[in-house]
Each structure stands twice: as structure tokens, then as C-alpha cells.
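Enquirer: What follows is a single structure, and I will ask about it in a moment.
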Amino acid sequence: MKFTLSWLKDHLDTDASLDEIVERLTMIGLEVESVDDKASLKPFVIARVLTAEKHPDADKLKVLSVDTGSGAPVQVVCGAPNARAGLVGAFAAPGAYVPGIDVTLSVGKIRGVESHGMMCSERELQLSDEHTGIIDLPENAPVGASFAAWAKLDDPVIEIGLTPNRPDATGVYGIARDLAASGLGTLKSGAVEPVEGEGKCPVSVTLEAPDLCPGFALRLVRGVKNGPSPKWLQQRLIAIGLRPINALVDITNYVTFDRGRPLHVFDAAKVKGNLVVRRAKTSEEVGDLVEERFLDLKKRGLGVELLTEWESYGLTRMASAVYELYERIEALDGYGYELTPDMCVIADDNGVESIAGIMGGELSGCEDGTTDVLIESALWDPMATARTGRELGIITDARYRFERGVDPEFMVAGLDLGTRMVLEFCGGTPSEPEIVLGTPTAKDGEIVGETGHHYREVDFPLSETKRLTGLDVERAESIAILKRLGFVPKGATDGAVVRFVVPSWRPDVDGKADLVEEVMRIHGVNRIAPAPLPQTTAVGSRILTTLQNRTRAARRALAVRGMMEAVTWSFIPERHAALFGGGAPALKLSNPIAADMSDMRPSLLPGLIAAAQRNADRGFGDIALFEVSGTYQGDRPEDQRRVAGGIRRGTATLEGAGRHWAGNAASVGVFDAKADALAALEAAGAPVDKLTIEAGGPDWYHPGRSGTIRLGPKNLLGTFGEFHPDTLEALDAAGPICGFEVYLDALPEPKAKATRTKPRLDLSPFQAVKRDFAFVVDRSVAAGALTRAVAAADKKLIAGVSVFDVFEGAALGAGKKSVAIEVAIQPQERTLTDEDFEALSARIVANVEKQTGGVLRG
Amino acid sequence: MTDLKTLEATLLAEIAAASDEAAIEAVRVSALGKKGSVSERLKMLGTMSPEERKQMGPAINGLKNSVGEALAARKAELHKEAIAARLAAETVDVTLPVRQAPAERGRIHPISQVIDEITAIFGDLGFAIAEGPDIETDYYNFTALNFPEGHPAREMHDTFFFPPGENGERKLLRTHTSPVQIHTMEAQKPPIRIVIPGKTYRQDSDATHSPMFHQLEGLVVDRTSTVANMKWVLEEFCKAFFEVPSLNMRFRPSFFPFTEPSLELDIQCDRSRPGEVRFGEGSDWMEILGCGMVHPNVLGMSGLDPDEYQGFAWGMGIDRIATLKYGMPDLRDYFNADTRWLQHYGFRPLDLPTLFGGLST
């Protein structure tokens, strides 16, 4: 919402400075987004051309002698065709910045002749697009004076960002009311003298859709002389970014901004019959479609999508076609719109003349030659207007106001205000208004206004302001603030609760909290002194849930392993989702922002692999990325999983990547991913010694180089591995690359402990020893099974089992491998004798043979 | 006697000439071994007369001692030389680079780090961290938050929708973290003090808008909390988060469907340096968050009597305050996983934000 300072002062009597007004606007909730104080026009002064001689070396240039009102005349080289002796125009001296050409002037030589400044065109001052000549002012314009001040172009322009709850502030008058309420001046009367009409309005209005149109007022003014509107009005419209058209149209725009009351004008000569407010119609056409009709329909834009589709099949003629056509309007913006039956229109015998509350039609628009004008001031259902505007993609000043809610009780006054301006600028004879009422928007108040508006009433306990804001506002002050804003007390004002009637221009107010806001914002938010929130406990206690702690721990643990945390999109391309078990219809966005951001991710891996590939394409192929975030197995809350996932690419191993004098890093592989997965689980508190690792994982992994981590037979904790070549190919990625995912939300909640004391530590006094064994087993025997068999041989004495070599060779026989194992033995009761060791070794060998079929390698 | 002197001189010369431990061992054997020259002479003592023995005994034993001492000294000397030679041979170029520790290479994403910073501050103020799902119902995202059906404010949210389910209801991606307010109030009786960090989604993309972004929601509900308490909490948070001793802030009236009264908080700052925002100086105002007293309708729909309970809520962009504090120029880069960006703007894994150690020091 834009307006100028002088416009505001039409309604507000104030001595406040621009800065004070701007500051106050923001502090009462009308946030100022920009102020243009017109400083850019300050350098331009009114100057008179004394002489204009032809430039000695250029046919189209003139050398002017210019009286700038101070000092001796200056020499200016000028190319404007209208430059002549005696012309009074706008002069810019060297040093001035000329906004229209984005140049700061200096003394220069043009074709050998010095030029000490510039006579400017309107475009150079960004006043208009006019550039056929320099500004040509009346003879009596005061030479030496500020051009902007003289031409009244120095009126500061203020733009406020309106919140959607304040339709009353879509007009300058409403803004003035708020400022006056806050004590920054006095609000002038906004009353409009009713217009005395002659005779009934010859055009009647029928409301066929009263639910979409609470009220409609119409008046004919005969014998107007349309043309440009007065300069002051044009300047205000230009200042707020509107283009003056003609007086009749400019008046509607002016009232829209002055009072937040959109009007519409029809050229009465172009309106056929009476007006009907109704929903747009559709027609079903039945019959033969011939080429001529096809081209005609297409030209008129009827059913464009359908017809274009038909045309692509070569179907420009069809026997017995059945197709639906929508009503169409050529709107004032020069575009055609197809209207659906949930849209409200104003129609005459010619068809649709206006899209209700949004935009008029070109056919009945007012032009310079208009002599009889129909002025419309109507009320439109806010939601229907918003929906129609959205569907048609039309943003207008009228829609902006109607979808927020136009003051219903100003409908007739708005018509009168517009009529008065028409009579003043264009003359003519007004008719009496035709006023028709539809369904009122609200029906809950006892007091009913002229246009059927039911005034809302709110009981306001005066203590409520203190209860909600902490602000102490005296009773008299609270009541005075509300009265200044237009709220009228009903009944006694000395009780604890005062009943207020809500003004018709404040559809947003319907409860006591709203009145608290009114009192607070006008009294001053900055008068509320911050008050500490009472502390509930002396020392803060734990505030994170187990899952939150696990998330943080997994994140830090993976970063400590040299991986970088990424945050990738929750939505991924459909085919990526499908590769990882996703792509269900319920998880596809109906309106994705881009085609490749269409499906909620079933896994973190496709996003990470794609990210790694992007980095590789930039020349960074050794990369370790992880993410701890959500994946989506369905659309219910419990379907959102908390997952830690990561990938390593190239040679980005734990130790480091790339070549190094002490040894080059190997390509990443399944064991790097396994180590990451276990580290994340361990950091998150998983009992790593109780986990089982199974060979193989989901389809997207390499079947022989992937694994699945479980806790017990059912609880799936994660997967890891190198990727299937088909997966990588489908993702347009290349390896070496490995990855993992672990499900942090699958970990069981730790048991509540009665004590924080750790179990007693018993240290054996006897020396620990190590013994090595090598077993020959079938190639299919898992190393994990072998180590479990060794450990189970004596749970008391065996403190640890580790694999230090795996070897396959012809000497072992086909399908065999040798696994070398180191067993850590911790005697508990006495130092072991050779016999003890032999017995233990025998038990180990026997158990391995029993469990795995392995034999001690000879 | 002269014979002994000569022998001593010879042996000492041999000892001095021994150049390694083997040579010195050979001298020891030749002098003090079973048949060594000194040992032979000691054996001869037994054949001497007492007078002779009395004279020669100390002399020969003296010879044995002096040769023994010389041997030991030379041996120690040679050992030292051998060590020195070995060490010299073992010398390496210590300027060769070692690999960087994994903990130095890894990075925490700025969003995670900033959430940890926020957690540290609000934990100190007695708030718990709440979370909720990204995929929401229309009811929790809008209706329960007092967005009327068809209201323009709903449209301003540029919502991502899913196709309608069997019951005709279409789910959506939450456009703000506010639905978690409702979930919390439904599940828990006041007093409530929570902050809610999480992902949020709107159909919008440019340098300052991303279709996915992160919000921090706050909610306090009890029987006494006011705008005055809200101002205090948010001012304390901003000072702590931006790590400046004082900030010039202004609250101004605004509008949100789910709060009444509603306010926005601006921070005074200096934006004259490209790519950097300095707080506590300058003359620009930067909007940082929206807040207000929880709307009576929202309390009511969550099952709380708005005449008994009251409270305040606020919401701010985590990515935005991260940008303000740490200076990343384009929001879209947050989600590109460009390793150079992560390396530069990310945080070291062991930089844990705490109040006792400082959030970002």
C-alpha cells in the first residue's frame, strides 16, 4: 500500500515530520517498507534558455545560454528539438545525478564545445516516458526555484507492508485514522455528502448469486465529458505507481486508494440491457465441428487446451463432437480469461462485462469518448474473490481489497464519493442510485447497518490487557483508544467489562484478544518492559529425548570419522526413489517445485550418492558425506524414520584420501561402510557386541559385498555395502563408492538404571597370554561363525578373539580358505601350565570343528 | 717390575686402539681371560716367596684393576659411539607431512551446529526440545492454528500437497513447525516450555527462499506468561545467540492467524559491508522472527481453556539466523552438499556449543 505525505494530510491534521510519521506507522503495525523522500529530484532547478545557437560542428545540437537563477548564464549543449530561446525548463548542474540516464554530470565537451550541465526531459527525471523533448514549463515558472517543489513533485511517497488482517488500512483514510488514534494528529471528517440524483437509474441490477454479493450499488451519470483527470490527481496516481488513463478510470483508482473502496465504471453506451450478478456459465456444445468454427473458437481462446490437444492429433474437424465451452471475458488488462461456474461475474445482454471484484471487461470500458457512465460500488464475498483471483492469476488493487474485506457500510458513500468526483471533473447529470442487497457476510450482531451489515459486539474485560501483555493501561485510556479507532461502547463503561461495537471496517476483530492488540499497539508496544520468565528449577535438567541424544551422538561420531555432514532434499526424483524402495503414490507431491524433486525419499542414500557425483564432476572425487535425518516409508507420523546414512567415494577412507608418501589410500569398500555403520550405532548406544551381521542387503547393494545389521532376529538396525552397478548406473554415478544406513529409532530405549554406579572391576593378577591358531574351513564359512566358535570354547579364559589373516590358495584345496586367529587368554585363578594350554587348545580346535567343520592347519 | 709396566703400557695401548666391541672383547680375553697375560701373572703369585709376593701382589692386582677399568671405560665409550652411529643412521625428514586427523577433516553442517547452539540457550532457560513429523494433515498445519478454510493467509504459505487419500483428505508438507505446538498441547498439560527445530517446506525458490528450510518454533503455556515475558525470552535469546553484549531490538505489531496480539521482532544492524551483518551498530532494521500470544482459538482447539491458560509462541528461520550469524550468502547452497562449502562453512566435529565454553569459540 503506497500513498504520499500530502495525500495523508488530506485526512490527518498533523505537524509531525515525515520521520515521525514513518516511525509511528511501523510501531502501530503498519510497517513502513520504503520511503521515497524525492531527494533525487532536489538537484533540478527551473532555468530559462536565453539564447539557442546552432552547434558549429553538429547539425542536430544547439549551444544554449541558460539562466539558472544564480550567477552568470551557463553554456549548455543540447540536442532536444524543442530547445529554443525563451524556453523555461528543468536544469541539472554538473555534479547532479540524473536518475533516468544513471549518470552523474560533469563539465564536458560535446563536439568541441563545453557543456556546463543539462536541460532535462521528463524521462531523464523518471517522471514519465516522455523523451521527445526537454521539459517545457509555463513562461511564469520561477527561474532558480526547485523544479520539484514548484511542480509539486517533492511529495514523499510512503509504502507500507500490510498484514492481511487490515483491510481498513488499504485506504489512506484508514491509515490516517490509525495515526490519529495513536495521538499523531487529528483525523479530519471523512463524511461524504449524499448525491441528489435525478430520476431512477435506468439500468437495473438482479442478484442471481446473492451469496457472492452482499450488496450492489449502481448509478448512471449522463452527459459527462471524459478526458485527462486533473494534474494533482494524476501526480498522486503516478507517485504510487499507477498510470493515469482518463478521468473516469482515474477516479475509480483514486477512491480505491483513498478509502480502500474499489469502484468500477462502465461505458453505459456499451452496456446492453440490465445487469445481472451471477456465476459464470458453461455451455456444452453439441454438433459438428467444422474447420471454420474450430479456428474461430481457437481465436477467441475458448477451450484452448482442449482444442490444442485435438489439433495435435489433426482433429480440426469432427462429426458430432461434444465439448464444453466456458464463458470468456476480454479483460481490461488486454488478456482473455475463461471463467468457471464458481466465479462471480457481472453480465448484461452481451455476456460477461466484469469479473466481480477483480477486473472489468474491455468491451464496456470507459474511453475518452464516453458520455454516459455507470458507476458501480459493490460488495463481494472475500473468499470467492480470493479463489477466483488465484485461479485466474489476476492480481489487482480491487481484488487485494475485496479478498481482505471492504467496509460494507461505505458502499453507498463510496458510490457518492465517486459520483461527486465525476461531476466535478467531467460534469453530467446523476441518476438516483440502484441499491440491491444480497446475503450479509455476518449475521451475529443486533445492530444492522444500511447495507445489511450486522455490527459485531465484543465484551472487553479491561484487565485483559494486563493479563496478556503485562501492560498497565488506565481504563480511560483504553476506552479512549478504542473509541478513536471507531469502536463504540455500548452500555455502561464503568464496570469491569465494557461492551464494544466493532466498526464495520474491522472484520478482523471478533474477540477480546483482538481488543488487547488494539490497545497494546496504539498505547505502544515499546512501553512493555521485558519481564524475566520465572525459573522452574535451580539447575536445569536433561531436556533431550533419547532419540535426540542418539541423533546428536551419531552425527558427531561420523564427523569425527572424517565425514562431512550434508543436508540434502527430502524430495528426490521419482526414479531415484523407486530404486530405493520408494515411489509410492501417497508420497508423491501433487505440486513439486521441480520435476526432479517429486517424491519423498525412502532413503538418504540416493541423495548422498547424487551429491557425491556432483562433487566428483567438479573434480572432488574423494569424498565422505553423511546425513542424519528423516526418511519416509509412508505418510503417517510413525512412517518417518530417523536415519544416519553415509557414503564414501574414491579413496576417502578413514585414514585419509589420495596418495601419500607413507602409503596411498586404498579405494573405499564394504568394510569402510561397515566400520562407519557400527561407529554410528555404537555412538548412538547400540550394544555392539550383541549385534549380528548377515551377508547381503537390499537390492541396491552389491549382493556379495553388503551386509545387514540386526539386534536379535527381528530388529533391523542397518545395512551397509558397496552398491550394485545397476544402482549406480541408474543414478548416473560411478564408483568406487560404498555406503550405509542405520536406523536410530530402531534402537531399544535403554533400561532405566537405579544407580549410576558402574559394576565392580576385578583385575586378574595373572599374566595374560596370546595364542595363534590357523583353521582351514570351507570358503562359505563366515569368519564371524569361526570366531564365535573359538570364543565359546571357554568363556571364562578366553578374553578376546581376533582374525589377523585370511588366505586362499591352491595348496588348501578348492573351495577352502585359511583363517588365522589370535586368542587372548586371561587366567583368573592361577598361572596356566603347559597342560592347561594344551587342554584349552584342544577344546578350541574341537569346538571349531564341531561348529564349522574347520580343521587346524598343519 | 719393568716387565709389568711394559705390559700395562702395551695393554692400555691395545685398549685405546680397539675400535669396536669385538676388538675390545679380544683385548679383554688376551689380558684377563683364563690364559690372558694378566691372569697368567696372577697365577704366578702362588709360586713366589712371601717377600716377592708381598711386593708383586699389589703390583699385579693393580695392573688387573687398571686394565679392567680401562676396558670398561673403553667399552662404554664404544657403546655410546655405536648408539650415536645408529641414531644418525635412523634420522628421517620430520618435515614430511602427516595425514590430517579424521576429526579435523570431518564437518558438522551449519544447521546442525546452530540447532545445538539454540538447544544450549533454551536448555538453560528451562525449555525442552520437541519434534514432529514433516508430513502433516491440513488440520494440524492450518485449521488447528486458526487458519480459516479459504483464507488468503493459507495461500501465502505456498503449500506442497500429496494426492488425496482414500478418505479424500490430502496430506501436506508442513509449512511451519507450528503443528508441533498443537501436538504438544494435546499430549501434555501446561506448564509447557518447548522449542521445536525442524524441516519445513514451501513452494518457493530464490537466493533467500528454499523449498525446504528449517524453522525454530517456541511455545510457552502456563497461567501467567505475558508479552512482557516473551520480550524478555526473545531478547535474551538473541543476545546469547549472536554473542553480543547488547542488541538494539524493536517489537512491532504484526499479524499471524495463530497469535493475538501478534508481533514481529526487528534487530538493529549494519548491513553496509557486503556479505556481513553487524549487530549492535548501524541504522538498518532486520526482521528476525514473528511471535505473539497464543490465539484463544488455538488454545481452545487444543483442549485448553483460554481463560485459564495463556502463553506465547514464536517462529524463526534457522537457516536465516545461521546466515545472519555466519554469513553464507545463498540459502540454496545449504542443501547442495558441495564439499568446498561444507569445508568452509561447516564446523569441526568437536566444537560442541555450550554456554560454559561459549557457543562458537
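Enquirer: Where residues in the range B:87-114 are within 9 Å of chain A (Cβ to nearest Cβ) and among the β-branched types (Val, Ile, Thr), which of them is farthest from the chain's Cα centre (by Cα)?
Expert: Out of the qualifying residues, it is B:Val98.
Enquirer: Another one. Starting from the range B:222-250, keep only residues that are free of Cβ contacts under 8 Å to residues at least 40 places away in the same chain and farther than 20 Å from A:Val516 by Cα, then list their pairs with residues that are among the polar types (S, T, N, Q) and surrounded by fewer than 20 Cβ atoms within 10 Å (Cβ to Cβ) whose Cβ atoms are within a distance under 8 Å, requiring at least 6 positions of separation or different chains.
Expert: Between residues of the range B:222-250 that are free of Cβ contacts under 8 Å to residues at least 40 places away in the same chain and farther than 20 Å from A:Val516 by Cα and residues that are among the polar types (S, T, N, Q) and surrounded by fewer than 20 Cβ atoms within 10 Å (Cβ to Cβ), the close pairs are B:Lys239/B:Ser246; B:Leu247/B:Gln268; B:Asn248/B:Gln268; B:Met249/B:Gln268.
Enquirer: So which strands (runs of 3 or more DSSP E) stay within the range A:32-137 end to end and still have 3 or more residues that are without any contact (Cβ under 8 Å) to a residue 60 or more places away in the chain and closer than 22 Å to A:Gln235 by Cβ? It would help to see each step written out before you state the result.
Expert: Numbers: elements: A:45-54, A:62-67, A:74-78, A:88-92, A:108-110, A:113-115.
So the answer is A:88-92.
Enquirer: A:Arg555 is checked against (1) touching a Pro at 6+ places or on another chain (Cβ under 9 Å); (2) more than 10 Å from chain B (Cβ to nearest Cβ); (3) crowded, with 24+ Cβ neighbours inside 10 Å; (4) closer than 27 Å to A:Val668 by Cβ and fails just one. What number does that condition carry?
Expert: (2)
Enquirer: Out of A:Thr104, A:Thr4, A:Thr68, which single residue is polar (S, T, N, Q), touching a Lys or Arg at 6+ places or on another chain (Cβ under 7 Å) and either farther than 21 Å from A:Ile240 by Cβ or modelled with pLDDT of 90 or more (or both)?
Expert: Testing whether each residue is polar (S, T, N, Q), touching a Lys or Arg at 6+ places or on another chain (Cβ under 7 Å) and either farther than 21 Å from A:Ile240 by Cβ or modelled with pLDDT of 90 or more (or both) leaves just A:Thr4.
Enquirer: Let me ask something else. Considering (1) within 15 Å of A:Ala675 (Cβ to Cβ); (2) free of Cβ contacts under 8 Å to residues at least 40 places away in the same chain; (3) among the aliphatic types (A, V, I, L, M), say which one A:Leu716 fails and leave the rest.
Expert: Every listed condition holds for A:Leu716 apart from (1).
Enquirer: I would also like to ask the following. What is the number of the single condition among (1) closer than 26 Å to A:Pro408 by Cβ; (2) at the interface with chain B (Cβ under 9 Å from one of its Cβ atoms); (3) not hydroxyl-bearing (Ser, Thr, Tyr) that A:Ile479 does not meet?
Expert: Going through the list (1) closer than 26 Å to A:Pro408 by Cβ; (2) at the interface with chain B (Cβ under 9 Å from one of its Cβ atoms); (3) not hydroxyl-bearing (Ser, Thr, Tyr), A:Ile479 breaks only (2).
Enquirer: Of the conditions (1) crowded, with 17+ Cβ neighbours inside 10 Å; (2) at pLDDT below 95; (3) within 7 Å of chain B (Cβ to nearest Cβ), A:Leu544 satisfies every one except a single condition; which number is it?
Expert: The single condition A:Leu544 does not satisfy is (1).
Enquirer: Filter the range B:213-247 down to the residues that are at the interface with chain A (Cβ under 10 Å from one of its Cβ atoms) and small (Gly, Ala, Ser), then identify the one that is surrounded by the most Cβ atoms within 10 Å (Cβ to Cβ).
Expert: B:Ser225
Enquirer: Right, another one. Is there a residue being within 26 Å of A:Tyr400 (Cα to Cα), buried (at least 18 other Cβ atoms within 10 Å of the Cβ) and touching a Ser or Thr at 6+ places or on another chain (Cβ under 9 Å) anywhere in the range A:279-289?
Expert: Our first condition is that a residue be within 26 Å of A:Tyr400 (Cα to Cα); within the range A:279-289, this holds for A:279-281.
Applying the additional criterion that residues be buried (at least 18 other Cβ atoms within 10 Å of the Cβ) yields A:279-280.
Narrowing the set further to residues that are touching a Ser or Thr at 6+ places or on another chain (Cβ under 9 Å) leaves A:279-280.
Within the range A:279-289 (the criterion being within 26 Å of A:Tyr400 (Cα to Cα), buried (at least 18 other Cβ atoms within 10 Å of the Cβ) and touching a Ser or Thr at 6+ places or on another chain (Cβ under 9 Å)), the answer is yes, since at least one residue qualifies.
Enquirer: Pairs please, first residue from the range A:685-713 and assigned by TED's automatic domain parsing to the domain that holds A:Gly645 and on the phi > 0 side of the Ramachandran plot, second anywhere and of a type outside the set (Ser, Thr, Tyr) and part of a strand (DSSP E or B), Cβ atoms under 9 Å, 6+ apart in sequence or on different chains.
Expert: Note: pairs meeting the criteria are A:Gly696/A:Pro703; A:Gly696/A:Gly704; A:Gly696/A:Gly707; A:Gly696/A:Gly721.
Enquirer: While we're on this one: Can you tell me which of B:Gly123, B:Gly106 is of a type in the set (Gly, Ala, Ser), buried (at least 19 other Cβ atoms within 10 Å of the Cβ), farther than 24 Å from B:Gly300 by Cβ and modelled with pLDDT of 95 or more?
Expert: Going through B:Gly123, B:Gly106 in turn, the sole match is B:Gly106.
Enquirer: While we're looking at this one, here's another question. For the range A:841-858, which positions are without any contact (Cβ under 8 Å) to a residue 60 or more places away in the chain and of a type in the set (A, V, I, L, M)? Don't jump to the end; show me each part of the working.
Expert: So the first thing to find is which residues in the range A:841-858 are without any contact (Cβ under 8 Å) to a residue 60 or more places away in the chain, and the list is A:842-843, A:846-847, A:849, A:858.
The answer is A:Ala842, A:Ala846.
Enquirer: Can you pull out the residues in the range A:630-656 that are at the interface with chain B (Cβ under 9 Å from one of its Cβ atoms) and out of contact with any strand residue (DSSP E or B) (no Cβ under 7 Å at 6 or more places or on another chain)?
Expert: A:Gly634, A:Arg636, A:Pro637, A:Glu638, A:Leu654, A:Glu655, A:Gly656
Enquirer: For the range A:582-589, does any single residue satisfy the condition of being free of Cβ contacts under 8 Å to residues at least 24 places away in the same chain, more than 7 Å from chain B (Cβ to nearest Cβ) and crowded, with 19+ Cβ neighbours inside 10 Å?
Expert: Yes: one or more hits.
Enquirer: Every residue in the range A:382-398 that is touching a residue at least 24 places away in the same chain (Cβ under 8 Å) and either facing chain B (nearest Cβ under 10 Å) or in contact with a Pro (Cβ under 7 Å, 6 or more places away or on another chain) (or both), please. Steps first, please.
Expert: Residues of the range A:382-398 touching a residue at least 24 places away in the same chain (Cβ under 8 Å): A:382, A:384-385, A:387-389, A:391-392, A:394, A:396-398.
A:Pro382, A:Ala384, A:Thr385, A:Arg387, A:Gly389, A:Asp397, A:Ala398 - these are the residues of the range A:382-398 that are touching a residue at least 24 places away in the same chain (Cβ under 8 Å) and either facing chain B (nearest Cβ under 10 Å) or in contact with a Pro (Cβ under 7 Å, 6 or more places away or on another chain) (or both).
Enquirer: How many residues are of a type in the set (Asp, Glu) and either facing chain A (nearest Cβ under 7 Å) or crowded, with 23+ Cβ neighbours inside 10 Å (or both) if we restrict to the range B:195-212? I'd like the intermediate steps shown before the answer.
Expert: Start the filter on the range B:195-212 by keeping residues that are of a type in the set (Asp, Glu), which leaves B:204, B:206.
Restricting the remaining residues to those that are either facing chain A (nearest Cβ under 7 Å) or crowded, with 23+ Cβ neighbours inside 10 Å (or both) gives none.
Here the count works out to 0.
Enquirer: Can I ask one more? Would you check which residues across the range B:130-174 are more than 9 Å from chain A (Cβ to nearest Cβ) and among the polar types (S, T, N, Q) and list them?
Expert: Within the range B:130-174, B:Thr137, B:Asn141, B:Thr143, B:Asn146, B:Asn167 meet the criteria.
Enquirer: In addition: Can you name every one of the helices (runs of 4 or more DSSP H) wholly within the range B:275-361 that holds 2 or more residues which are more than 27 Å from A:Ala610 (Cβ to Cβ)? Give the steps one after another, and end with the answer.
Expert: On the way: elements: B:296-301, B:318-326, B:339-345.
Filter on the range B:275-361 gives B:296-301, B:318-326.
Enquirer: Here's a follow-up. Please determine whether any residue of the range A:395-403 is buried (at least 19 other Cβ atoms within 10 Å of the Cβ) and assigned to a strand (DSSP E or B).
Expert: No; the residues of the range A:395-403 include none that is buried (at least 19 other Cβ atoms within 10 Å of the Cβ) and assigned to a strand (DSSP E or B).
Enquirer: Another question, then. Looking at the range A:428-443 only, could you name the residues that are out of contact with any Phe, Trp or Tyr (no Cβ under 9 Å at 6 or more places or on another chain) and either of a type in the set (Phe, Trp, Tyr) or part of a loop (DSSP other than H, G, I, E, B) (or both)? Step through it out loud before you land on a result.
Expert: We begin by selecting, within the range A:428-443, every residue out of contact with any Phe, Trp or Tyr (no Cβ under 9 Å at 6 or more places or on another chain); these are A:428-433, A:439-441, A:443.
Across the range A:428-443, the qualifying residues are A:Gly428, A:Ser431, A:Glu432, A:Pro433, A:Thr439, A:Pro440, A:Thr441, A:Lys443.
Enquirer: Here is a further query. Report, by residue number, each residue of the range B:319-361 that is within 9 Å of chain A (Cβ to nearest Cβ) and on the phi > 0 side of the Ramachandran plot.
Expert: Within the range B:319-361, just B:Ala337 meets the criteria.
A quick yes/no check of all residues on (1) charged (D, E, K, R); (2) away from chain B (no Cβ under 14 Å); (3) buried (at least 19 other Cβ atoms within 10 Å of the Cβ):
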site	(1), (2), (3)
A:Asn140	no, yes, no
A:Ala145	no, yes, no
A:Ala149	no, yes, no
A:Asp155	yes, yes, yes
A:Glu159	yes, yes, no
A:Asn165	no, no, yes
A:Thr170	no, no, yes
A:Ala176	no, yes, yes
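Enquirer: Quick test for you: out of A:Asp596, A:Asp514, pick the one residue that is at the interface with chain B (Cβ under 9 Å from one of its Cβ atoms), acidic (Asp, Glu) and under 31 Å from the mean Cα position of the chain (by Cα).
Expert: On the way: A:Asp596 fails: at the interface with chain B (Cβ under 9 Å from one of its Cβ atoms).
Just one listed residue meets the conditions, A:Asp514.
Enquirer: Still on this structure, please answer the following. Only one of B:Pro191, B:Pro179 is over 27 Å from the mean Cα position of the chain (by Cα), within 23 Å of A:Thr163 (Cβ to Cβ) and surrounded by 16 or more Cβ atoms within 10 Å (Cβ to Cβ). Can you tell me which? Lay out the reasoning, then the answer.
Expert: Working: B:Pro191 fails: within 23 Å of A:Thr163 (Cβ to Cβ).
Only one candidate qualifies: B:Pro179.
Enquirer: Ok, one more. Scan (1) crowded, with 18+ Cβ neighbours inside 10 Å; (2) over 37 Å from the mean Cα position of the chain (by Cα) for the single condition A:Arg499 breaks and write down its number.
Expert: Evaluating A:Arg499 over (1) crowded, with 18+ Cβ neighbours inside 10 Å; (2) over 37 Å from the mean Cα position of the chain (by Cα) leaves (1) as the failure.
The values are calculated or read from the model by the stated rules, or taken from the named source; none is laboratory data. These numbers were taken from a predicted model, which means no experiment stands behind them. Glycine also receives a Cβ, built like all others from the backbone with ideal geometry; neighbour counts cover every protein chain displayed.
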